[in-house]
Amino acid sequence: MTSHVEEIEEEEISKIEKGKGKDCHRGIETVICTSPTTVCLTQKLIAEMIGTYFLIFAGCGVVVVNVLYGGTVTFPGICVTWGLIVMVMIYSTGHISGAHFNPAVTLTFAVFRRFPWYQVPLYIGAQLTGSLLGSLTLKLMFHVTPAAYFGTIPSDSATQALAAEIIISFLLMFVISGVATDNRAVGELAGIAVGMTIMLNVFVAGPVSGASMNPARSLGPAIVMGVYDGLWIYIVGPLVGIMAGGFVYNLIRFTDKPLKELTRNGSFLRSASPKHKTSTSKS
């Protein structure tokens, strides 16, 4: 009896994935979605929204808790929390949506033809929605004082904060490109590598700029809390740094692969030797 019920449930799930479902009230089959592509895209957007939500809830929430509860977490604890939540959400949703959680990353993937352009605004919308919901949750849960503000504000000059954001965003995208987009890398370690990069960046740039690296991470808290000081830094800095990081890694990848292939089959040596090339053509 149980196996029969399970078979029916699996059949219904299969129908939904194909874009069809059953109306239990009227006993007729209706179209829920126009195509499997729509269902798949919806799943990706939900994964991006949930992932970004928990990035804000855990990463920004630990900042609030640390201030409101007498510094019990400490700055190293904040850094570790950011690295852990990024790693956890990558392993949880990376196989569904790619685990971008960052509009600048999504845009860079599209520029380098590793992500379809038509999905870019949908992904960014899902990421911003997750950030706003996460920020709203923190605002409702805690009495957030100005000292416990969980957004990002330059601690010194805007120039210093902008430079820090560009550099750490560059490193983040360079690592992402290496472990997540290059088939020569060990893909299973992508979550650990990216999470540890986030942690290191927060250690270095956290006291300077807040170590955003992500426009969604800064926009959500700013909008919910109504604090817009230096917000442009956290839009321009990550975009410039992440785009540059992706460009540099792609430059390395494109110059490395042909050299290996040419050297492997000997054509590089033949092209470098005119005499050898002539003798080969004559034979």
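Points to keep in mind about this one:
- Taking the listed residues P258, P207, P215, P221, the one that is in contact with a Cys (Cβ under 9 Å, 6 or more places away or on another chain) and either at pLDDT 95 or above or over 23 Å from M49 (Cα atoms) (or both) is P221, with no other qualifying.
- Filter result for V120 (without any contact (Cβ under 8 Å) to a residue 24 or more places away in the chain, of a type outside the set (D, E) and in a helix (DSSP H, G or I)): yes
- Any hit, the range 71-79, residues being of a type in the set (A, V, I, L, M, F, W, C) and not in a helix (DSSP H, G or I): yes
- Members of the range 89-102 that are in contact (Cβ under 8 Å) with a residue 60 or more places away in the chain, within 16 Å of F57 (Cα to Cα) and assigned to a helix (DSSP H, G or I): I90
- Criterion applied to I16, I46, I8 was being within 24 Å of V88 (Cβ to Cβ) and either assigned to a helix (DSSP H, G or I) or modelled with pLDDT of 95 or more (or both), and the one residue passing it is I46.
- Inside the range 222-250, residues that are farther than 25 Å from F109 by Cα and either assigned to a helix (DSSP H, G or I) or free of Cβ contacts under 8 Å to residues at least 24 places away in the same chain (or both) make up a count of 6.
- Total residues in the range 139-183, condition closer than 10 Å to I242 by Cα and either of a type in the set (D, E) or assigned to a loop (DSSP other than H, G, I, E, B) (or both): 1
- Filter result for L140 (modelled with pLDDT of 95 or more, surrounded by 15 or more Cβ atoms within 10 Å (Cβ to Cβ) and either over 26 Å from D229 (Cα atoms) or not small (G, A, S) (or both)): no
- Flag for A216 being touching a Pro at 6+ places or on another chain (Cβ under 6 Å) and either among the small types (G, A, S) or not in a helix (DSSP H, G or I) (or both): yes
- With respect to the stated conditions, D229 is modelled with pLDDT under 95, within 20 Å of A158 (Cα to Cα) and not β-branched (V, I, T).
The rows are residues; the columns are (1) surrounded by fewer than 20 Cβ atoms within 10 Å (Cβ to Cβ); (2) in contact with a His (Cβ under 7 Å, 6 or more places away or on another chain); (3) modelled with pLDDT of 95 or more.
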position	(1), (2), (3)
F101	no, no, yes
T108	no, no, yes
L122	yes, no, yes
G134	no, no, yes
P146	yes, no, no
S155	yes, no, no
A164	no, no, yes
F170	no, no, yes
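The values are calculated or read from the model by the stated rules, or taken from the named source; none is laboratory data. In this text the structure is predicted, and so the values were computed from the model without any measurement. Backbone-built Cβ (ideal geometry, glycine too); neighbour counts: all protein chains shown.
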